[in-house]
Amino acid sequence: MKFIFLRNFSTAAVIWGLTLICTIIIGIFAIHPGLAQTKNTTDKDILKSKIIAIDPGHGGSDPGAVGVSGSKEKDINLALSLKLRDLLENNGATVVMTREKDIALSETKKQDLDARAALVKKAKADIFISMQCNATTDPNCLGAQVFFYPKSKNGETLATEIQTNLWDETQQTKKREAQTISSPYILYTVDIPAVIVEAGFISNPREEAMLINGEYQEKVAKAVYKGIVAYYKTKPTFLNMW
């Protein structure tokens, strides 16, 4: 009887020990998820199985904001989105576009947004990027800013990574921080990590001139692309935190 007791105790101790080790390892990767990535991991390795939805805001009869020189937000949004699409597809991602030309998906705003969300859900996209431009009555306001839904932890991570890369790639003179926003219908309708990238203020003459410039658009697209890659590098794959 004594021998049986010791044998059972030993087995229980081994199981407990293995459980503890697994818990510690999971905890380490949760705090430092980058450890799971090898030094030789490329962007193509990271993006090859990812489905990314890009939504060029507005379109068709809805121009969005109009810049001080007459530029239309819908056109800038589309140009930025197509450049981002090319970067992602060239590096192995599958990209779902809610529009690829100057159209709206419905005559009413809500139906248009619902149609966009339906496309994203049907494609089973992993993340959602809405490309937009900002505008205000104050012509001095400037700076790119990324917004995320407050209840989405992965959305916050995605927004923060994109915001940081916007600082680096576009040399932002106004370093805005990623912020929560709960009002945009599309953010919580798609049910996946989603962000709105406000690439700049077209109500600011200097920033509008930059936003309609092809070379600057490439920089914005590259910043968003790098932010997406960084997000997938840092996001723990074993956690599903919308």
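The values are calculated or read from the model by the stated rules, or taken from the named source; none is laboratory data. As the structure is a prediction and not an experimental result, all values here were calculated from the model. Note that each Cβ is placed from the backbone with ideal geometry, even for glycine, and that neighbours are counted across all protein chains shown. Calculation scope for accessible area: heavy atoms of the full protein, side chains included, ligands and nucleic acids excluded. Shrake-Rupley method; radii C 1.70, N 1.55, O 1.52, S 1.80 Å.
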Around ASN165 (Cβ within 9 Å, Cβ-to-Cβ, excluding ASN165; K/R +1, D/E -1) the net charge comes to -1
Note on the stretch 60-104: alpha-carbon gyration tensor, axes a ≥ b ≥ c; rule is a/c under 1.5 for rounded, else prolate if a/b larger than b/c, else oblate; result oblate
Is the stretch 50-176 best put as rounded, prolate or oblate by its Cα gyration tensor, with a ≥ b ≥ c the root eigenvalues, rounded for a/c under 1.5, and otherwise prolate when a/b is larger than b/c, oblate when not? oblate
Kindly sort GLU161, GLU208 by accessible area of their heavy atoms, largest first, with the probe set to 1.4 Å. GLU161, GLU208
Heavy-atom accessible area of ARG176, protein chains in place, probe 1.4 angstrom, given in Å² to nearest 10, is 50 Å²
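Please sort by residue number the GluC sites (Glu not before Pro) in the stretch 35-101 whose DSSP state is loop and whose Cβ has at most 16 other Cβ atoms within 10 Å. Before the final figure, lay out the partial values.
Details: sites: GLU73, GLU89, GLU100; in loops: GLU100.
The qualifying sites are GLU100.
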